[in-house]
Amino acid sequence: MAQDKQNKGLIGRLWAMLRRVGPWTALGLFVAGIVFWGGFNWTLELTNTERFCISCHEMRENVFKEYRDTIHYQNRTGVRATCPDCHVPKEWIYKIARKVQATNELWHHFMGTIDTPEKFRAKRLELAEHEWKRMKANDSRECRNCHAYTYMDYSKQARRANKAHPKGFDEGKTCIDCHKGIAHRLPPTEQNIGAPKSGATSESR
Amino acid sequence: MAAAAFVLSTSLLAQDRPQSLRGATPITETSKVDQYQRGPDQGPIPRDYVQQPPLIPHKIDGYRIDLNFNKCMDCHAWSKAKEAGATKVSLTHFRDQASGAELANISPSRYFCNQCHVPQVDAKPLVGNDFKPVDALAQPGRK
């Protein structure tokens, strides 16, 4: 008998367990699993929409308004990149990691860390640097969901782009190294024009 | 007619042998960057009068100039121009227009670039115009 148990293997043991709990309980557990996983995923995707992002006034009044002026919001073909397309990874494991990090943003929402335009302006550089660092570290993964440089036709690009792109890739640069502030405005940047700016960064691209 | 044929034949003779787009790079080697065919936009259109602010030979859609950031300076500032392959802001822009003093930075009165500089368009004039550039700007072969 003891030997039998050892020889059963995984499927055998599962079958034995099924016999023990009965078919109805097993079916119930199976359905509960589907409902639970489906519900979890559904809720997760619900937080992955533009509508959810701009349900907080911090997003709606600041970054969303700026983004509406840019090509990722409106353009000739109507293809759009909404908030999560750039700010939430597509791959499941990275997505979950980012979503866990985002609980910190919920905390700051309820703390009111950037709940006025003044507070947001004061914090813009720090927040922008977080995103630049993330993009730099993952080789601008979210950009490359749409803009795969291996498929770029340089001959279709305008003079400046067709000069800069092959050179940048040869030098091992990633999208965010040059394309900062393409969907949002930039923090104060020192550019040697006019009086020195207060709290300015020297890095602009 | 004969004269035209003569001019054509001499210009053909004067040309070198046809050059590959790869230049002189052998097929076994990777060609250098910047050898691709030129894109759809065009090089700078020459100026028509001496004081004319140079035209912008590229698109400036979405290039913002605001309190925090001046997109033009991203390439045209003296510190960026070489790397970006862009034209430097003119030396005249370092002079304070009110006092005439030379500044260490570009004068704040020059902050809004597109007050004077506009993107170039090869547009046909809507009404007839017999304006001619001064002799100093006249270039051979230009109408």
(message) Scan segment A:185-204 and tell me whether some residue there is of a type in the set (Gly, Ala, Ser), crowded, with 16+ Cβ neighbours inside 10 Å and out of contact with any strand residue (DSSP E or B) (no Cβ under 7 Å at 6 or more places or on another chain).
(response) no
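Being at pLDDT 95 or above, over 19 Å from the mean Cα position of the chain (by Cα) and not polar (S, T, N, Q) narrows it down to one residue among A:Gly12, A:Gly39; which is it? Can you show your working first?
Details: A:Gly12 fails: at pLDDT 95 or above.
Being at pLDDT 95 or above, over 19 Å from the mean Cα position of the chain (by Cα) and not polar (S, T, N, Q) holds for just one of A:Gly12, A:Gly39, which is A:Gly39.
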(message) Conditions first: (1) of a type in the set (D, E, K, R); (2) more than 10 Å from chain B (Cβ to nearest Cβ); (3) part of a helix (DSSP H, G or I). A:Asp115 passes all but one, so which condition is the exception?
(response) (3)
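Among the candidates B:Gln35, B:Gln51, which residue alone is on the phi < 0 side of the Ramachandran plot, modelled with pLDDT under 90 and more than 9 Å from chain A (Cβ to nearest Cβ)?
Working: B:Gln35 fails: more than 9 Å from chain A (Cβ to nearest Cβ).
Going through B:Gln35, B:Gln51 in turn, the sole match is B:Gln51.
Filter segment A:81-96 down to the residues that are in a loop (DSSP other than H, G, I, E, B) and charged (D, E, K, R), then identify the one that is surrounded by the fewest Cβ atoms within 10 Å (Cβ to Cβ). Quick ask: steps written out before the conclusion?
Just the residues of segment A:81-96 that are in a loop (DSSP other than H, G, I, E, B), to begin with: A:81-82, A:88-91.
Add one more test, that the residue is charged (D, E, K, R), and what stays is A:90-91.
On the way: A:Lys90: 12, A:Glu91: 10.
Ranking the candidates gives A:Glu91 first.
Results for (1) closer than 23 Å to A:Lys90 by Cα; (2) within 14 Å of another protein chain (Cβ to nearest Cβ); (3) in contact with a helix residue (DSSP H, G or I) (Cβ under 8 Å, 6 or more places away or on another chain); (4) in contact (Cβ under 8 Å) with a residue 12 or more places away in the chain, shown as yes or no for each residue.
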| position | (1), (2), (3), (4) |
| --- | --- |
| A:Ala32 | no, no, no, no |
| A:Phe36 | yes, no, no, no |
| A:Gly39 | yes, no, no, no |
| A:Trp42 | yes, no, no, no |
| A:Asn48 | yes, no, yes, yes |
| A:Glu58 | no, no, yes, yes |
| A:Arg68 | yes, yes, no, no |
| A:Gln74 | yes, yes, no, no |
(message) All but one of (1) within 7 Å of another protein chain (Cβ to nearest Cβ); (2) assigned to a loop (DSSP other than H, G, I, E, B) hold for A:Gly199; state the number of the condition that does not hold.
(response) (1)
(message) Looking only at residues that are aromatic (Phe, Trp, Tyr) and under 19 Å from A:Lys90 (Cα atoms) in segment A:118-154, which one is nearest to the chain's Cα centre (by Cα)?
(response) A:Trp132
(request) Report yes if A:Glu171 is of a type in the set (Asp, Glu) and closer than 27 Å to B:Asn70 by Cβ, otherwise no. (result) yes
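Listed residues A:Gly39, A:Gly12, A:Gly22, A:Gly33; which is surrounded by 12 or more Cβ atoms within 10 Å (Cβ to Cβ) and farther than 29 Å from B:Gly62 by Cβ?
Numbers: A:Gly39 fails: surrounded by 12 or more Cβ atoms within 10 Å (Cβ to Cβ); A:Gly22 fails: surrounded by 12 or more Cβ atoms within 10 Å (Cβ to Cβ); A:Gly33 fails: surrounded by 12 or more Cβ atoms within 10 Å (Cβ to Cβ).
One residue alone meets the criteria, A:Gly12.
Got a sec? Which of B:Gln97, B:Gln120, B:Gln52 is more than 20 Å from A:Lys197 (Cβ to Cβ) and touching a residue at least 40 places away in the same chain (Cβ under 8 Å)? Even if it seems obvious, please write down each step before you answer.
Numbers: B:Gln97 fails: touching a residue at least 40 places away in the same chain (Cβ under 8 Å); B:Gln52 fails: touching a residue at least 40 places away in the same chain (Cβ under 8 Å).
Going through B:Gln97, B:Gln120, B:Gln52 in turn, the sole match is B:Gln120.
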(request) Being within 9 Å of another protein chain (Cβ to nearest Cβ), part of a loop (DSSP other than H, G, I, E, B) and in contact with a helix residue (DSSP H, G or I) (Cβ under 8 Å, 6 or more places away or on another chain) is the filter here, so list the residues in segment A:149-179 that pass it. (result) A:Gln157
(message) Take the conditions in contact with a strand residue (DSSP E or B) (Cβ under 7 Å, 6 or more places away or on another chain), of a type outside the set (Lys, Arg) and assigned to a loop (DSSP other than H, G, I, E, B) and apply them to B:His93. Does it pass?
(response) no
(request) State whether one or more residues within segment A:144-155 are within 27 Å of A:Gly199 (Cα to Cα) and of a type outside the set (Asp, Glu). (result) no
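Answer with yes or no whether B:Lys80 is at negative phi, within 14 Å of chain A (Cβ to nearest Cβ), modelled with pLDDT of 80 or more and in a loop (DSSP other than H, G, I, E, B). Don't jump to the end; show me each part of the working.
On the way: at negative phi: yes; within 14 Å of chain A (Cβ to nearest Cβ): yes; modelled with pLDDT of 80 or more: yes; in a loop (DSSP other than H, G, I, E, B): no.
Spelling it out, it is not the case that B:Lys80 is at negative phi, within 14 Å of chain A (Cβ to nearest Cβ), modelled with pLDDT of 80 or more and in a loop (DSSP other than H, G, I, E, B).
Residue under question is A:Val63, and the condition is that it be assigned to a helix (DSSP H, G or I) and without any contact (Cβ under 8 Å) to a residue 40 or more places away in the chain; does it hold?
Values: assigned to a helix (DSSP H, G or I): yes; without any contact (Cβ under 8 Å) to a residue 40 or more places away in the chain: no.
Judged against the criteria, A:Val63 is not a match.
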(message) Could you check segment B:119-136 and list, in sequence order, the residues that are surrounded by 13 or more Cβ atoms within 10 Å (Cβ to Cβ) and either part of a loop (DSSP other than H, G, I, E, B) or more than 13 Å from every other protein chain (Cβ to nearest Cβ) (or both)?
(response) B:Gln120, B:Pro133
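The values are calculated or read from the model by the stated rules, or taken from the named source; none is laboratory data. Values in this document were obtained by computation on a predicted structure and should not be read as measured data. Glycine gets a Cβ as well: all are built from the backbone with ideal geometry, and neighbour counts include every protein chain shown.
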